[in-house]
Amino acid sequence: MIIRPAEALDAAQMAHLLNSIITIGGTTAHLKPFDKTRMQTSFINPPLGLCCFLMEDHGRILGFQNLEWSTNDIKNPADWVKISSFVDTNQHERGI
């Protein structure tokens, strides 16, 4: 397994992973499915993005995490960030 920065070419596989979680329901605030474009603009290269890393095993993405600055519409200190973490539902309890 390796951890590496997410790239545009990963968007389809990352969208599939997150869409599986959305379909199950109850564990994410996201309700609408993602496509490659939305994945890129929301997680891989968002306007306030700091980084997006993923864990991969033999070309299969097992999970990913995005870090971005918090927006002004949230009443938090200016230097707060948002962290989003998603793990393949078949990979839970593996430390991913």
Label points 7 Å out from Cα along the Cβ direction at T23 and D73: separation in nm?
2.9
What does the charge dipole of the chain about its Cα centre add up to, to the nearest 20 debye, if the Cβ of each Lys and Arg holds +1 and the Cβ of each Asp and Glu holds -1?
160
Segment 25-41 - phi-based ³J(HN,Hα) in whole Hz, Karplus 6.51/-1.76/1.60, Gly and Pro as x:
x, x, 10, 9, 6, 6, 10, 9, x, 9, 10, 4, 5, 5, 4, 5, 7
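Taking only C-alpha pairs under 8 Å that are 6+ residues apart, what is the relative contact order of the chain in percent?
Rounded, it is 27 percent for the chain.
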Taking the Cα atoms only, what angle lies between the long axis of helix 11-24 and the longest principal axis of the chain, rounded to 10 degrees?
90
Neighbour counts of other C-beta atoms within 10 Å: give me L50, L9, L18, L62 arranged from fewest to most.
L9, L50, L62, L18
Please list the non-local residues whose amide H lies under 5 Å from the amide H of F34, H modeled 1.01 Å from N, same-chain partners needing a gap of 5 or more.
N19
What ranking of H92, H58, H30 emerges when the number of other C-beta atoms within 10 Å of each C-beta is taken as an exposure proxy, fewest first?
H58, H92, H30
Coarse-grained scattering of the chain at q = 0.13, 0.17, 0.19 Å⁻¹, given as base-10 log I(q)/I(0) from a Debye sum over alpha-carbon atoms:
-0.44, -0.75, -0.92
In which sequence would I22, I44 go, from the one with the fewest C-beta neighbours within 10 Å to the one with the most?
I22, I44
What chymotrypsin sites (Phe, Trp or Tyr not before Pro) does the chain have in DSSP loop regions with at most 14 other beta carbons within 10 Å?
W80
Mark the label point 7 Å from the Cα of C51 along Cα→Cβ and return the residues of segment 1-29 whose backbone N is within less than 13 Å of it.
3-6
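Each value in this text was obtained by applying a stated rule to the coordinates, not by laboratory testing. Here the structure is a predicted model, which is why all the values come from computation and not from measurement. Heads up, the Cβs are rebuilt from the backbone with ideal geometry, glycines too, and the neighbour counts pull from every protein chain shown.
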